[in-house]
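Undergrad: Have a look at the structure that comes next, please.
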Amino acid sequence: MRSLHSRVSILATLLLQLFIFYRVSNAEITSLHGAQSISAFTNSEEKVKFLIGFDGLVGYDLAHAHRNFVDVFVDAANATDFKKQLEQRNITYRVNADNLEKKFKEETNARIKAQLSSRFSYFAQRPSHDRYSDYDGIIEQVRELVRYRSNVARMGIIGYSYERRPIYAVKIGKGEGGVKPAIVIDAGIHAREWIAPAAVLYFIDQLLTNQTNYYMYEKVDWYIIPVLNPDGYQFTHSSSENRLWRKTRSPSNYPKCPGTDANRNFDLAWMAVGASSYPCAQTYAGPRAFSEPEARALKDFILLLDGTAKLYLSFHSYGQYILYPWGFTHEVPENEKTLRALASSVSKAIYSVYGTKYVYGTSANALYPAAGGSDDWAMGRGGVDLAYTIELPGGGSVGFDMPPSQIKRVGYETFQGLKVFHHHVEVKYGSYIWH
Ligand code: 0X9
Ligand code: ZN
């Protein structure tokens, strides 16, 4: 049953890709002026597939696909027609925002104002977690925290982005006791998912400045990459027009469509499903596996850790999912039981804080099949036992614009889940302490 279902859906995805390839001739959304954010409510697989078919089409940007709803950004020229198509198919919908340009301009202005008012005291103080910083801002705050706890924390560069920005990792560990099991965390593979680097900055702060958490690096080492795709992230900060950028910033052979989806660029069943060979699509997998220096940086780093990385967590948004491999097939990995039990404990821990519900399962079964993700690679090729993609909550009217006042809430509740992940690694692998 399952394998027939998976074959049908792989075929459907391939057909959709062919369809997309021949229909599209330009970038997804070229202007946010009058662009709308629409949630379409789906109660059948057919409706979900219809909507997923808009990925890469000119004027459309698929923000998030869920079993019960799909969020789509549609430009001004296509909005009326899109809504008509939904109505014809009996798909109910809600318009969340009807002029994304105005919305992001207002948000940018508010952000700049907040930054200016605290310019002089911005550095050399603890992060306030009440705003979204640009790339340099995040790295400065991390540097400050590392300086404060330089006996247990170090910063390193694991590679350089296409635009030659350093990609930083923080190591948190006691430095004694020989080789310890490690947890590797990243955020910001997708540029517009701002809550992810913000939450990860919160984790670094908690680990380094809250004494009650110091036990978390007695037996375990942490390697945390706050922003894996700094070019894309900085691009979303450069102008409100670019706020919805997802990919890297490397050029493609379509001058109008730079960027690769770094989370389709890893070399495990690359391009098999849920990824596009069309450079203008949001899920463009790149000209070849590991074409992107950002994806290579993570790969090389995990390989360098030589099997000591036991758990890999990749933070994304949005949708409240705890996903684990595989994404490239509906089949489940050998250790699915362990992955599921741990995801279940983590989701319970998060739920117990403010009642936030997470759905967990394999990426292909709980969300949608998509190959080339960092999590699949980490587990399938990188020698990491357990890998997860965590889709943090969405917010605002566009999903990616979680109000900055919510960063602490999301950071705090998710950190309670992180403690459960840590506990698992410590109990299962933390006994090799050297004296
Ligand atoms: O599609 C993705 O890359 C992730 N969702 S997002 O909305 N943040 O873009 C999910 C990735 C899950 N993992 C794999 N498919 N391997
Ligand atoms: Zn993402």
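Undergrad: Based on the Cβ-Cβ distance from Thr30 to Glu176, what FRET efficiency comes out when R0 is 41 Å, to the nearest 0.05?
TA: Calculated value: 0.15.
Undergrad: OK, next. Note down the magnitude of the dipole of region 146-239 about its Cα centre, charges +1 on Lys and Arg C-beta and -1 on Asp and Glu C-beta and zero elsewhere, to the nearest 20 debye.
TA: Computed about the Cα centre, the dipole is about 240 debye.
Undergrad: Turning to a different aspect of this structure: Between Ser239 and Ser405, what is the label-point separation in nm under the 7 Å Cα-to-beta-carbon projection?
TA: According to this spin-label approximation, the distance is 3.1 nm.
Undergrad: Right, another one. Please compute the length gained on full extension between Lys428 and Thr209, using 0.36 nm multiplied by the number of residues separating them and subtracting their Cα-Cα distance.
TA: Between Lys428 and Thr209, full extension yields an extra 76.2 nm.
Undergrad: Here's another thing I want to ask about it. I'd like the carbon and sulfur percentage of the solvent accessible area for region 341-397, probe radius 1.4 Å, heavy atoms only, ligands and nucleic acids excluded.
TA: Details: 880 of 1800 Å².
Here carbon and sulfur together make up 49 percent of the probe-accessible area.
Undergrad: Tell me, what HN-Hα J-couplings in whole Hz come from the Karplus equation 6.51 cos²θ - 1.76 cosθ + 1.60 at θ = phi - 60° for each residue of region 382-392, using x for Gly and Pro?
TA: Using θ = phi - 60°, the values come out as x, x, 8, 5, 10, 9, 9, 10, 10, 8, 5 Hz.
Undergrad: Let me ask another. May I ask you to give the solvent-accessible area per residue for region 284-419, in square angstrom, as obtained with a 1.4 angstrom probe?
TA: Accessible area per residue, region 284-419: 34 Å².
Undergrad: Under the definition of Cα pairs under 8 Å and six or more residues apart, what whole-number percent is the relative contact order of region 291-435? Walk me through the numbers before you get to the answer.
TA: Values: 206 pairs, mean separation 50.7, N = 145.
Relative contact order of region 291-435: 35 percent.
Undergrad: Summarise the accessible area of region 39-150 (1.4 Å probe, protein heavy atoms) by the percent that is carbon and sulfur.
TA: After summing per-atom areas, the C and S share lands at 49 percent.
Undergrad: List the residues, sorted by chain then number, that are 5 or more residues from Ser161 or on another chain and whose placed amide H is less than 5 Å from its amide H.
TA: Ile167
Undergrad: Taking the DSSP beta bridges in region 157-263 as the whole, what percent of them are antiparallel, to the nearest 5?
TA: Details: 6 of 11 bridges.
In region 157-263, DSSP labels about 55 percent of beta bridges as antiparallel.
Undergrad: Please label the shape of region 215-294 as rounded, prolate or oblate, based on the square roots a ≥ b ≥ c of the eigenvalues of the alpha-carbon gyration tensor (a/c under 1.5 means rounded; beyond that, a/b larger than b/c means prolate, else oblate). Let's see the in-between values first.
TA: Values: a/c = 2.85, a/b = 1.43, b/c = 2.00.
Oblate is the answer for region 215-294, as a/c is 1.5 or above yet b/c matches or exceeds a/b.
Undergrad: Going 7 Å from the Cα of Lys419 toward and past its Cβ, which residues in region 190-213 have a backbone nitrogen under 11 Å from where you end up?
TA: Of the residues in region 190-213, 212-213 have backbone N under 11 Å from the label point off Lys419.
Undergrad: Turning to a different aspect of this structure: What is the pair-distance distribution P(r) of region 270-380, computed from all Cα-Cα distances in 5 Å bins starting at 0, with each bin given as a whole percent?
TA: 2, 11, 18, 22, 20, 15, 8, 3, 1
Undergrad: Using θ = phi - 60° and the Karplus relation 6.51 cos²θ - 1.76 cosθ + 1.60, list the HN-Hα couplings for region 343-348 in order, rounded to whole Hz, with x at every Gly or Pro.
TA: 4, 5, 5, 5, 5, 5
Undergrad: What is the dipole size for the chain, taken about its Cα centre, with +1 at each Lys and Arg Cβ and -1 at each Asp and Glu Cβ, in debye to the nearest 20? Write down the numbers at each step before the final one.
TA: Values: 48 positive and 43 negative charges, 84 e Å.
Using only the charged Cβ atoms, the result is roughly 400 debye.
Undergrad: For Gly56, enumerate residues with amide H under 5 Å from its amide H, sequence gap 5+ or separate chain, H modeled in the peptide plane.
TA: Result for Gly56 returns Leu62, Gln282.
Undergrad: Tell me which residues come under 5 Å, amide H to amide H, from Gly259 once H is placed; ignore anything under 5 positions away on its chain.
TA: When sequence neighbours closer than 5 places are left aside, the close amide H contacts are Ser250, Ser252.
Undergrad: Moving to a separate point now. Of Ala366, Thr414, Leu62, which is farthest towards the positive pole of the chain's charge dipole, taken about the Cα centre with +1 and -1 on the beta-carbons of Lys, Arg and Asp, Glu respectively?
TA: Thr414
Undergrad: Where both partners of a DSSP beta bridge lie in the chain, what percent of those bridges are antiparallel, to the nearest 5? Don't jump to the answer; show the numbers that get you there.
TA: Details: 30 of 54 bridges.
Once the DSSP bridges in the chain are tallied, antiparallel ones form about 55 percent.
Undergrad: Using a probe radius of 1.4 Å on heavy atoms only, what accessible surface per residue do you get for region 143-208? Whole Å² is fine.
TA: On the way: 2200 Å² over 66 residues.
Roughly 33 Å² per residue, with all protein chains present.
Undergrad: Roll a 1.4 angstrom probe over the protein heavy atoms and tell me the percent of accessible area of region 169-260 that is carbon or sulfur.
TA: Summing carbon and sulfur atoms, their accessible area is 51 percent of the total for region 169-260.
The values are calculated or read from the model by the stated rules, or taken from the named source; none is laboratory data. Since we're looking at a predicted model, the values are computed, not measured. All Cβ positions, even for glycine, are placed from backbone atoms using ideal geometry, and neighbour counts span all protein chains on display. Accessible surface is based on the protein model in full, side chains and every heavy atom, while ligands, DNA and RNA are left aside. Shrake-Rupley method; radii C 1.70, N 1.55, O 1.52, S 1.80 Å.
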